[in-house]
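One structure below.
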Amino acid sequence: MKIYIVGIGMDGGKTLTAEAKKAIENADVLIGAKRMTEPFAAPDKQIFESWKTDEICEFLGSCKCETAALLMSGDCGFYSGAELLKKRLPDCDTEIIAGISTPVYMCSKLGLTWQDMRFVSLHGTDSNIVRNVRRYAKCFFLLGGSVRSADLCRRLCEYGTGDVTVHIGARLAYPDECIISGTAEELAGTGCDGLCAVITVNKAPEQCVLSGIPDSGFERGNVPMTKSEIRAVIASKLGVGCNDTVWDIGCGTGSVSVECALAANDGTVFAVDRNEEASALTARNAHIFGCDNIRVISGEIPAALTGLPCPDKVFIGGAGGNIAAVIDAACAERNSPGIVVTAVTLETLNEAVRVFEERGITADVTQISAVRTRAVGRHTMFDAQNPVFIIGGTAK
């Protein structure tokens, strides 16, 4: 059986390529959601309405036709089901035909280039909006889940990014197409539902991933904070990746949570502390640095860890004597995260090393003593910080 996986463009009409039109005309059967197949309904065409991979594969397995066209919205290579379908149909002669995708169409309408654009789908998720907008000069957001365009604009305002330019496109290529532009603040009360996409333009994106952020950048309160020099080493030891899930146990002011969140641009940081003041401080500092990928959890260890997704990296800055419980929870389901523990007392150092050894984790111990300077009259004095032990390792 010859199967064409066809990107039908925005509307299946004026944005349909000649190659796609030919494949549809030559197909014995058309497959896709009703919105995709409806424009091509004809007496000589069999139509199977479905967008579910299992149903489509079952139908093709019993279909006696020679040629089928699977119709996909936009382009087959942009958040479509084409990749999965191709894998599920290994015995078929499958050909993918490109279409005009939503970002390409919308950028042409706005006169924007898209080679430097960041693409984000918000289907099934509502996080990392602000993080992406702050990081990249241009972002394209594909909506359609629980996040509406007005929600996105309000999120940007909430995290102090209400001055970025936002373009909202709805019903693109259809007769009632609507594209509106303004700042996030201006459009926070204006929304488009249904088929909708958003492009943001940030004239001052972040130029680097910050590490060892000056202590003065954070709100402090009465909660202990991991100092700048120590944080830089912790970040290096953890090696947080852009898609990582991170646990910050005993988050305090959230300074380590923020640095991990900046590195995990497409990931999530779960910041846990039993102190409600610490949780509140972490939430405020997350807003200051535009980290909407930080989830703050207030509760006792290990109960507060129940239900959290398995982490790729774990930082333990204060577990209240429950280091073993944290590591066991992190390593559940045969998970093997990278782990870093800090200790300012010999008792915590001994506990961490013992727990590592009992679980077969090779402990890499580093002791850091930072010294800063401070002005005293006409002189500059040295101001020693408390020594900190950093214990790192990877679970097996």
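The values are calculated or read from the model by the stated rules, or taken from the named source; none is laboratory data. What you see is a predicted model, and the numbers here were worked out from it, not measured in a lab. A quick note on method: Cβ atoms are made from the backbone with ideal geometry, for glycine too, and the neighbour counts reach across all protein chains shown.
Before moving on, here are some points about what is shown:
- Here Ser50 fulfils each of the conditions (1) surrounded by 15 or more Cβ atoms within 10 Å (Cβ to Cβ); (2) over 35 Å from the mean Cα position of the chain (by Cα); (3) polar (S, T, N, Q) apart from (2).
- Verdict on Asn285 being surrounded by 22 or more Cβ atoms within 10 Å (Cβ to Cβ) and at pLDDT below 95: no
- Conditions (1) exposed (fewer than 15 other Cβ atoms within 10 Å of the Cβ); (2) touching a Cys at 6+ places or on another chain (Cβ under 9 Å); (3) under 30 Å from Gly12 (Cα atoms); number of the one not met by Gly144: (1)
- Qualifying position, being more than 23 Å from the chain's Cα centre (by Cα), part of a helix (DSSP H, G or I) and not hydrophobic (A, V, I, L, M, F, W, C), among Thr348, Thr373: Thr348
- Comparison of Arg155, Arg131 shows that the only residue that is buried (at least 20 other Cβ atoms within 10 Å of the Cβ) and within 20 Å of Leu210 (Cα to Cα) is Arg131.
- Scope segment 376-396; condition surrounded by 14 or more Cβ atoms within 10 Å (Cβ to Cβ) and within 35 Å of the chain's Cα centre (by Cα); matching residues: Val388, Phe389, Ile390, Ile391, Gly392, Gly393, Ala395
- Among residues of segment 173-209 being in contact (Cβ under 8 Å) with a residue 60 or more places away in the chain and either in the same structural domain as Glu277 (by TED's automatic domain parsing) or within 23 Å of the chain's Cα centre (by Cα) (or both), the one that is farthest from Lys14 (Cα to Cα) is Glu206.
- Of the numbered criteria (1) touching a Phe, Trp or Tyr at 6+ places or on another chain (Cβ under 8 Å); (2) within 22 Å of Thr125 (Cβ to Cβ), the one Ile288 fails is (2).
- Pair list, Cβ under 9 Å, 6 or more apart: segment 323-343 residue in contact (Cβ under 8 Å) with a residue 60 or more places away in the chain, other residue hydroxyl-bearing (Ser, Thr, Tyr) and in a helix (DSSP H, G or I): Thr342/Thr348
- Within segment 146-172, tally of residues that are touching a Ser or Thr at 6+ places or on another chain (Cβ under 7 Å) and closer than 17 Å to Asn128 by Cβ: 2
- Sub-7 Å Cβ pairs linking a first residue in segment 37-63 that is without any contact (Cβ under 8 Å) to a residue 40 or more places away in the chain to a second residue that is surrounded by 14 or more Cβ atoms within 10 Å (Cβ to Cβ) and hydroxyl-bearing (Ser, Thr, Tyr), at least 6 apart or interchain, are Ile47/Thr37; Glu49/Thr37; Ile56/Ser50, ordered by first then second residue.
- Scope segment 136-167; condition in contact with a Pro (Cβ under 9 Å, 6 or more places away or on another chain) and at pLDDT below 95; matching residues: Leu142
- The set of residues in segment 6-35 being under 34 Å from the mean Cα position of the chain (by Cα), crowded, with 21+ Cβ neighbours inside 10 Å and either without any contact (Cβ under 8 Å) to a residue 60 or more places away in the chain or not assigned by TED's automatic domain parsing to the domain that holds Phe59 (or both) consists of Gly12, Ile31, Gly32.
- Taking the listed residues Ala278, Ala261, the one that is surrounded by 24 or more Cβ atoms within 10 Å (Cβ to Cβ) and over 20 Å from Arg135 (Cβ atoms) is Ala278, with no other qualifying.
- Residues of segment 345-367 that are buried (at least 16 other Cβ atoms within 10 Å of the Cβ) and among the β-branched types (Val, Ile, Thr): Thr348, Val353, Val355, Ile361.
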